[in-house]
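Notes for the one structure printed next.
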Amino acid sequence: MAKKVRLADIADKVGVSVVTVSKALSGQKGVSEEMRERICALARELGYRQPSVERREAERKSFHLGVIIHEGYLDKYASFYWQMYQNVSRTLMEEGSFCFLEILDEDTELDPVIPKLVSEQKVDGLIFVGTISEDYLAYISENVKLPQIYIDFTDKDHRTDAVISDSFYGAYHVTNHLFDMGHTRIAYVGTVLTTGSITDRYLGYLKSLMEHGVQVREDWVIPDREKASGHIDPEGLKLPEEMPTAFFCNCDLTASMVIKRLQKMGYRVPEDISVAGYDNYIYPGLCDVEITSYEVDMAEMARVAVDVILKKIAGESYRHGVHIVEGHLVIKESVARVTGGQSL
């Protein structure tokens with residue numbers, strides 16, 4: 001029988017304390033990202049398994065989770081959340097648990113009822129993916145006592161655990177990249193206050209503008225969807241009369257629509273105007289230009305969400321609150337360098 005790998009074994013090989021190894025593997029603060037990655041990589045190499053995982057496997061408990069996604073996020077374009085669901089499902093299976101998908105329609109959101117997965121007692125907990133109205137979430141919180149977690153959004157009071165992308169700093173990095181490429185006339189495309197992520201991305205864009213001494217222009221903050229429904233209407237997208245040299249869009253779907261509109265108007269991307277997005281995910285075939293974007297780490301978001309919800313169901317200790325998962329900038333062909341306002 002192979003010898004069980006202990007925290008002390010990892011600590012000896014890395015040359016740090018057992019406490020540092022424990023913090024790194026449990027996601028706690030106090031460890032640099034470089035050291036955390038080194039420790040986690042060695043733990044995987046040695047085959048270390050966290051006690052909580054071993055306990056769950058030893059007890060042979062298989063949990064069933066309900067995943068709730070609003071119908072508006074599952075049309076033919078919005079496959080980002082479908083991929084997020086697939087990541088959640090795959091991660092649960094790796095943990096010996098499973099999930100069922102229930103689609104939340106607009107009528108049910110406005111006149112709330114308990115999800116069928118709950119009323120029929122098919123699940124041990126709920127995972128909500130994508131922004132859902134505060135009224136519906138309040139109804140669920142009051143009437144459903146199962147453990148819950150949100151993915152890619154939070155409630156206003158942070159009552160419920162959530163896992164989100166680092167929208168603020170992600171947008172900040174993208175906008176900084178546009179400045180690094182010589183752009184100073186940069187517009188933001190996204191309906192502010194429609195969702196938390198769109199608003200956070202606007203604020204990250206605004207932080208970059210402020211640090212570069214550039215004033216935000218109202219006509220360069222461009223809505224891309226209806227505020228009430230969140231529905232993106234390609235025909236309703238109105239670009240400004242005076243063009244910037246670059247657009248930063250709150251998601252790649254919107255970025256693709258901006259690119260198509262610019263091409264229809266006779267502009268070339270990126271030769272005449274640059275366009276950047278967020279997510280690094282777009283429905284195949286929607287755009288003929290590869291979009292520079294900030295990639296959301298969906299696999300890590302799913303892993304964190306599954307880890308938290310399974311611990312909640314099992315009654316194990318975990319860190320309550322909002323878990324922010326970093327992504328990274330992916331440079332493609334939709335952004336060109338400019339000097340004196342002209343693309344190179």
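I'd like to compare 115-126, 233-244: which one has the highest average count of other Cβ atoms within 10 Å, and what's the full order after that?
Numbers: 115-126: 16.7, 233-244: 13.3.
Top of the packing list down: 115-126, 233-244.
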Going by how many other Cβ atoms sit within 10 Å of their own, how do Arg38, Arg268 line up, fewest first? Arg268, Arg38
How many angstrom separate the Cα center of the stretch 109-146 from the Cα center of the stretch 261-285? 38 Å
Answer label, with Cα Rg over 2.2 N^0.38 Å calculated from the coordinates and candidates [x] 1.01; [y] 1.09; [z] 0.93: [y]
Quick check: pseudo-label points 7 Å beyond the Cα along Cα→Cβ at Glu326 and Val14, how many nm apart are they? 1.6 nm
Could you work out the local net charge near Gln263, counting Lys and Arg as +1, Asp and Glu as -1, over the other residues with Cβ closer than 12 Å to its Cβ? +1
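What number comes out for the charge environment of His70, summing +1 per Lys or Arg and -1 per Asp or Glu over other residues with Cβ under 10 Å away?
On the way: positive: none; negative: Glu71, Asp105, Glu106, Glu109.
So the surrounding residues net to -4.
Looking at the P(r) of the stretch 7-48, how many percent of alpha-carbon pairs lie beyond 15 Å? Before the final figure, lay out each step's value.
Working: 212 of 861 pairs.
For the stretch 7-48, the fraction of Cα-Cα distances above 15 Å is 25 percent.
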For Lys4, the lysines lying under 26 Å Cα to Cα, once residues fewer than eight places off in the same chain are dropped, come out as Lys13, Lys23, Lys61, Lys311
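No value in this document is a laboratory result; all are computed from the given coordinates. Since the model is a prediction, treat every value here as computed from it, not as a measurement. Cβ coordinates were reconstructed from backbone atoms using ideal geometry, including for glycine residues, and neighbour counts include every protein chain displayed.
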